[in-house]
Amino acid sequence: MDPDRELIDEQIAYYRARAGEYDATSIPEGDPLQAHADRLRDTLRASAPRGRVLELAAGTGQWTGILAEAAEELLVTDASPEMLELNRSRTGDRPNVRYEIADAFAMEATHAYDAVFFGFFLSHVPARTFAAFWSVLDGLLASGGRVLFVDEGLHDTWGEDWIDEAGGIVRRPLTDGSVHRAVKVIWRTDELASRLQELGWDASVTEEGPFYWGSAHRT
């Protein structure tokens with residue numbers, strides 16, 4: 001098996017197992033980082049992605065409700081059915097929202113979406129798979145469509161338990177005592193924008209504390 005695919009499968013298994021504790025172990029209420037996360041949510045709300053919108057790796061729904069406010073149709077996807085169940089409970093039943101279990105790395109080209117969004121997922125894309133992932137995104141976008149994303153940038157606010165820092169592999173424990181491997185590729189904002197330009201995207205990436213906001217469309 002391709003080593004990146006093997007790692008991605010392990011990562012999916014990790015997030016399936018983590019689903020029930022994800023919100024409690026991300027950014028808790030009252031944490032100083034919450035102010036940065038709130039500003040990212042404000043930026044997403046101001047961007048108002050309309051029309052047909054696709055959310056990849058949607059997780060427990062920290063961003064889904066904002067997307068549902070403006071989208072005519074919103075397809076919410078994740079490789080973890082456990083995450084999607086939590087997302088549905090959090091977001092509530094909305095006539096413009098539907099859910100689908102899907103692997104973000106294996107989406108078929110439809111050219112159907114005016115916007116594709118993912119939050120804190122790009123850092124989980126292996127470096128060797130980066131170009132292929134953006135090719136998948138290109139196949140999902142309608143003409144004139146855009147990609148919107150937020151993630152963790154280069155910072156010294158907290159550290160990672162690295163297995164292979166150069167290879168972008170971290171060790172992630174869960175409260176049940178199990179330990180998993182996951183992808184963690186930390187991009188500098190300028191390097192990310194340049195890499196996307198090399199791949200034929202017009203991208204803007206802006207720092208927000210230890211995080212960043214990005215948007216991109218095909219040139």
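The values are calculated or read from the model by the stated rules, or taken from the named source; none is laboratory data. Not measured: the values here are computed from a predicted model. We place every Cβ from the backbone using ideal geometry, glycine too, and count neighbours over all the protein chains shown. Accessible surface areas use protein heavy atoms only, side chains included; no ligands, DNA or RNA. Shrake-Rupley method; radii C 1.70, N 1.55, O 1.52, S 1.80 Å.
Taking the range 19-34, which residues are in contact (Cβ under 8 Å) with a residue 12 or more places away in the chain, part of a helix (DSSP H, G or I) and within 27 Å of ALA115 (Cβ to Cβ)?
Those that are in contact (Cβ under 8 Å) with a residue 12 or more places away in the chain, part of a helix (DSSP H, G or I) and within 27 Å of ALA115 (Cβ to Cβ): ALA19, ASP23, LEU33.
Just give me the residues in the range 97-119 being surrounded by 18 or more Cβ atoms within 10 Å (Cβ to Cβ) and farther than 15 Å from ILE8 by Cα, in sequence order.
VAL97, TYR99, TYR113, ASP114, ALA115, VAL116, PHE117, PHE118, GLY119
Among the numbered conditions (1) in contact with an Asp or Glu (Cβ under 8 Å, 6 or more places away or on another chain); (2) hydrophobic (A, V, I, L, M, F, W, C); (3) part of a helix (DSSP H, G or I), tell me where LEU75 comes up short.
Every listed condition holds for LEU75 apart from (3).
Which is surrounded by fewer than 24 Cβ atoms within 10 Å (Cβ to Cβ), within 16 Å of the chain's Cα centre (by Cα) and not basic (Lys, Arg), of GLY92, GLY65, GLY51, GLY59?
Working: GLY92 fails: within 16 Å of the chain's Cα centre (by Cα); GLY51 fails: within 16 Å of the chain's Cα centre (by Cα); GLY59 fails: surrounded by fewer than 24 Cβ atoms within 10 Å (Cβ to Cβ).
Of the residues listed, the single one that is surrounded by fewer than 24 Cβ atoms within 10 Å (Cβ to Cβ), within 16 Å of the chain's Cα centre (by Cα) and not basic (Lys, Arg) is GLY65.
Looking only at the range 78-104, filter to residues that are acidic (Asp, Glu) and assigned to a loop (DSSP other than H, G, I, E, B); which one of those is nearest to ARG50 (Cα to Cα)?
Restricting attention to the range 78-104, the residues satisfying the condition of being acidic (Asp, Glu) are 78, 82, 85, 93, 100, 103.
Checking which are assigned to a loop (DSSP other than H, G, I, E, B) leaves us with 93, 103.
On the way: ASP93: 19, ASP103: 23 Å.
Here the residue is ASP93.
Mind counting the residues in the range 68-87 that are open to solvent by less than 10 Å² (accessible area, probe 1.4 Å), under 20 Å from ILE27 (Cβ atoms) and not hydrophobic (A, V, I, L, M, F, W, C)?
Summing the residues that are open to solvent by less than 10 Å² (accessible area, probe 1.4 Å), under 20 Å from ILE27 (Cβ atoms) and not hydrophobic (A, V, I, L, M, F, W, C) in the range 68-87 gives 2.
Can you tell me which condition ILE169 does not meet? The list is (1) over 13 Å from the mean Cα position of the chain (by Cα); (2) surrounded by fewer than 18 Cβ atoms within 10 Å (Cβ to Cβ); (3) more than 23 Å from PRO32 (Cα to Cα), and all the others hold.
(2)
Rundown of residues vs (1) under 18 Å from VAL53 (Cα atoms); (2) touching a residue at least 60 places away in the same chain (Cβ under 8 Å); (3) small (Gly, Ala, Ser), yes/no style:
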{"residue": "VAL147", "(1), (2), (3)": "yes, yes, no"}
{"residue": "ASP151", "(1), (2), (3)": "no, yes, no"}
{"residue": "LEU154", "(1), (2), (3)": "no, no, no"}
{"residue": "ILE163", "(1), (2), (3)": "no, no, no"}
{"residue": "ILE169", "(1), (2), (3)": "no, yes, no"}
{"residue": "PRO173", "(1), (2), (3)": "no, no, no"}
{"residue": "ASP176", "(1), (2), (3)": "no, yes, no"}
{"residue": "ARG195", "(1), (2), (3)": "no, yes, no"}
{"residue": "GLU198", "(1), (2), (3)": "no, no, no"}
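Here is a check on your reading of the model: is ARG50 of a type outside the set (A, V, I, L, M), part of a loop (DSSP other than H, G, I, E, B), under 17 Å from ALA216 (Cα atoms) and out of contact with any Leu (no Cβ under 6 Å at 6 or more places or on another chain)? Can you show your working first?
On the way: of a type outside the set (A, V, I, L, M): yes; part of a loop (DSSP other than H, G, I, E, B): yes; under 17 Å from ALA216 (Cα atoms): yes; out of contact with any Leu (no Cβ under 6 Å at 6 or more places or on another chain): yes.
Spelling it out, ARG50 is indeed of a type outside the set (A, V, I, L, M), part of a loop (DSSP other than H, G, I, E, B), under 17 Å from ALA216 (Cα atoms) and out of contact with any Leu (no Cβ under 6 Å at 6 or more places or on another chain).
So which of TRP201, TRP162 ends up being more than 19 Å from the chain's Cα centre (by Cα), among the aromatic types (Phe, Trp, Tyr) and either open to solvent by less than 70 Å² (accessible area, probe 1.4 Å) or over 18 Å from ARG5 (Cβ atoms) (or both)? Show your work before the answer.
On the way: TRP201 fails: more than 19 Å from the chain's Cα centre (by Cα).
One residue alone meets the criteria, TRP162.
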